[in-house]
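Data first, discussion second: the structure below is written as structure tokens.
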Amino acid sequence: MPPHLKHALPKAFWIAGLALVFLLLYAPILSAVLFSFSADRFPSLSMSGFSTKWYAQVLTDRAMLEALSNSLTVAGITALIATALGFAAAYADYRFRFVGQKAVLALALLPPTVPLVILGLAMLAFFSRIGIAGTLAAVVAAHVVIAAPFAMAVCRLRLAQLDETLETAAQNLGALPHSALARIVLPHTLPAILAAFLITFAVSFDEYVISWFTGGLNQTIPVAVLTTLQGQVDPTIHVIGTLSFSVTLTLVLIALAVVLRQSGGAMSKEETS
Amino acid sequence: MTSSAFPARTSGRRFHFLFNRAWQALWVLPLPAWLLLFFAVPLGLLVAISFWSVVNYRLTPDATLSAWRYVLGLDFLWASFWRSYGLSMASAVAISLLAFPASYAMAFVAAPRQRLILLGFAIAPFFTSYLVRIYSWQVFLTEGGVISSVVQALGGKGESLLNTYFALFLGHATLALPVVLILQTIALANVDRTGISAAANLGARPGAILFRIILPAARPGLTLGLLFAFLLSYAEFVSASYLGGGTFQTLPILVTDLVRAGQQWPRAAVVSLLMIASLLVTAFVTVLWAYREKG
């Protein structure tokens, strides 16, 4: 904080605002965790007791286990492809100057701005024509589209901190392009690649609209939740929520710890000025 | 290509040139190729489908404007369009205002290290099950739910809050708040600190510093936050279905209904394209405003 900055409103006001936002963000998550252990079918504050029976029900439900297996498969393959493509694009943007560079960058940043319901519709139409609608491959192809921009952004952020002349210097000293890449760029970018993998995994693991449109009978966990939501009150949703929160929150927090540790200095001028 | 410094000998110049080109293409091409195939082509197909017709419940390639004429002539569609647009814009403004004190606290009250940790926890929910969080809000908002129980304990009526704009807003905020927080905080944290100090040294009051130095300097980031809140709310259909209870017929719901109920692909395509066009116009105007020169 700059020494001269006196806040227009008392400090307590801003901190209360922060607390309110965090309450809004985490109340539904904490509620899901709490009610996942409720003995009652209907979630209410007057809980009759704690129970793990809903966990037992979810973990022995074949359809749910199959959905989990689908989700893990799709998210794992998506994360691998999206991270590879995202890193390649970030490296290309960092290292080379080529015709249409801005157009490529714009294309790469477009998918997150197109409503998923429209992407789902368009992809279903396309996948039906090429005969892969209703397969997990179709879901992966679609998830890579929405996840790769995240991977590219994370890797590009890290590459921005690497001195551009280092790699050229290595090549001038006789290193082949791939060895300069392997010895200088990759070690520097590795944490971001890891973060990109975790974030794209989380993006895919939680995506439901496109999976719902293109996955056919192959349900992922979020699609199973969506289907359940359309029915009656079901306490198992809280269990699925708690389990998936644990997975994605852990992945994302590790990824963020890695990314923020590196880019913290670049984020704000106050540390540098 | 200007950048490679691959060691070239006279005899192998051409080989090295080709090698460098191939090496470069290996990095440049994969993502655009994937996006062209699985993003641009499907969207192009959607444009084409809007001109196709449905014959005996089967989608048939055609070049007719009938879906466009039909959809654009529906009063009901325009009502949905303006409702969707208005509700999302209202949500975006409300979310931006709600997020601002929190972003300010992270940018100016928290120490740099605390800010990073807070940002991490603020953005993490964005990647966790949105559907389950919406289901949780149902538990909070329904009659006999968490909020109504608390209100009743305090002597109030404790009616259900589902199917209200407040419920819809909560859904939109659940989705968009993390993104708005991160964009606002980065914008505020990057405001030039020397300008703030100079203004303070010259005797500017805290209110004047906020409104005349900080807010104008952070305007692009704050506006982008607003834009993203709008984009996310406009495209979202789970809140409208499960918290709004179908009271708010929005465009994404219309799109899914058209496809599921009547196999009306051309009409759904027209509604989708209308949504994309309105998003692009809104984004263009907003970005232009965010980056316009002062004065």
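When the square roots of the Cα gyration tensor eigenvalues are ordered a ≥ b ≥ c, the ratio a/c for region A:13-97 is 1.5 or more and a/b does not exceed b/c, which makes its shape oblate. Between the residues B:VAL271, B:PHE230, B:PRO252, the greatest Cα displacement towards the positive end of the dipole of chain B, with unit charges on the Cβ of Lys, Arg, Asp and Glu, is found for B:PHE230. Surface burial for A against B, with a 1.4 Å probe and both sides summed, reaches about 9400 Å² of accessible area. A 1.4 Å probe run over region B:1-112, with the rest of the protein chains in place, finds 53 Å² accessible per residue.
Over region A:69-196, all Cα pairs binned in 10 Å intervals from 0 give whole-percent P(r) values of 12, 35, 31, 16, 6, 0, listed from short to long.
Mean silhouette area of region B:200-295, derived from the convex hull of its C-alpha atoms and averaged over all directions, reads 8.8 nm². For region B:11-87, the alpha-carbon radius of gyration amounts to 1.99 times the rule-of-thumb value 2.2 N^0.38 Å expected for a compact globular protein.
For chain B, hydrophobic long helices are taken as DSSP H runs at least 24 Å long by C-alpha position along their axis with mean Kyte-Doolittle hydropathy of 0.5 or more; these are B:75-104, B:165-189, B:215-235, B:265-291.
Amide H contacts for B:SER53 (H built 1.01 Å from N in the peptide plane; partners 5 or more residues away or on another chain; cut-off under 5 Å): B:THR60, B:ASP62. A simple charge model with +1 on the Cβ of Lys and Arg, -1 on the Cβ of Asp and Glu and nothing else charged puts the dipole of region A:139-213 at about 100 debye relative to its Cα centre.
In percent, what relative contact order does region A:63-198 have, based on Cα pairs under 8 Å that are 6 or more apart in sequence?
Worked out over region A:63-198, it gives 39 percent.
Here region B:71-208 is assigned +1 on the Cβ of each Lys and Arg and -1 on the Cβ of each Asp and Glu. Its dipole about the Cα centre then comes out at about 420 debye. Note that chain A presents 42 Å² accessible area per residue, ligands and nucleic acids not counted, probe 1.4 Å.
Ranked by the mean number of other Cβ atoms within 10 Å of their residues, highest first, the peptides B:170-179, B:220-229, B:20-29 fall in the order B:170-179, B:220-229, B:20-29. Of the peptides A:32-42, B:233-243, the ranking by mean beta-carbon count within 10 Å, highest at the top, reads B:233-243, A:32-42.
Towards the positive end of the charge dipole of the protein assembly as shown, with charges on Cβ (+1 Lys, Arg; -1 Asp, Glu), say which of A:ILE15, A:ALA224, B:GLY145 has the farthest Cα. Most positive-ward Cα: A:ILE15.
Here the dipole of chain B is about 1080 debye; that uses its Cα centre as origin and unit charges on the Cβ of Lys and Arg (positive) and Asp and Glu (negative).
Per-residue ellipticity at 222 nm from helix content only, as computed over the protein assembly as shown with -39500 (n - 2.57) for each DSSP H run of at least four residues, stands at -23000 deg cm²/dmol. Shape index of the protein assembly as shown: Rg/Rh, with Rg the Cα radius of gyration and Rh the Kirkwood radius from the inverse mean 1/r over Cα pairs, equals 0.99.
How large a share of the accessible area of the protein assembly as shown, in percent, is made up of carbon and sulfur atoms when the probe is 1.4 Å and the other protein chains stay in place? Roughly 68 percent, rounded to a whole number.
Distance distribution note for region A:155-208: the fraction of Cα pairs above 16 angstrom is 51%.
The residues of region B:151-251 expose, per residue, 38 Å² of accessible area to a 1.4 Å probe. For region A:142-254, the convex hull drawn through the C-alpha positions has a volume of 111 cubic angstrom per residue.
Counting, for every residue in A:231-238, the Cβ atoms of other protein chains within 10 Å of its Cβ and taking the mean gives 2.
Counting, for every residue in A:241-251, the Cβ atoms of other protein chains within 10 Å of its Cβ and taking the mean gives 4.
Helix A:186-206 and the longest principal axis of the Cα set of chain A meet at an angle near 30°. Across all directions, the shadow cast by the convex hull of chain B built on its C-alpha atoms averages 26.0 square nanometres.
Placing unit charges on the Cβ atoms of the charged side chains and taking the dipole of the protein assembly as shown about its Cα centre, the candidate lying farthest along the positive direction among B:SER66, A:SER204, A:LEU157 is A:LEU157. Ranked by the mean number of other Cβ atoms within 10 Å of their residues, highest first, the peptides A:63-71, B:60-68, A:86-94 fall in the order A:86-94, A:63-71, B:60-68. Our estimate of slack between A:LEU162 and A:TYR26, defined as 0.36 nm per intervening residue step minus the Cα-Cα distance, is 45.3 nm. B:ILE49 sits among other residues whose Cβ lies under 12 Å from its own Cβ, and their net charge, with Lys and Arg +1 and Asp and Glu -1, is +1.
Dividing the convex hull volume of the alpha carbon atoms of chain A by its residue count gives 191 Å³ per residue. With viscosity set to 0.890 mPa s at 25 °C, what whole-number translational diffusion coefficient in µm²/s follows for region A:183-238 from Stokes-Einstein and a Kirkwood radius over Cα pairs? Estimated diffusion coefficient is 180 µm²/s.
Taking only the alpha carbons of region A:65-116, we obtain Rg and Dmax values of 15.0, 48 Å in that order. Taking every residue in A:27-35 and counting other chain Cβ atoms within 10 Å of its Cβ, the average works out to 6. Reported value for region A:1-157: 231 Å³ per residue, from the convex hull of its C-alpha atoms.
Does anything in region B:244-276 have its amide N under 18 Å from the 7 Å Cα→Cβ label point of B:ASP75, and if so which residues? The answer is B:249, whose backbone nitrogens lie closer than 18 Å to the label point.
List the aspartates and glutamates whose Cα lies under 19 Å from the Cα of A:LYS53, skipping any in the same chain that are fewer than 8 positions away. Hits, sequence-local ones excluded: A:ASP40, A:ASP61, A:ASP234.
The values are calculated or read from the model by the stated rules, or taken from the named source; none is laboratory data. It should be emphasised that the depicted structure is a prediction, and the values quoted were computed from it without experimental measurement. Cβ atoms come from the backbone with ideal geometry, glycine included; neighbour counts cover every protein chain shown. Protein only, heavy atoms only, side chains kept; ligands, DNA and RNA dropped before computing areas. Shrake-Rupley method; radii C 1.70, N 1.55, O 1.52, S 1.80 Å.
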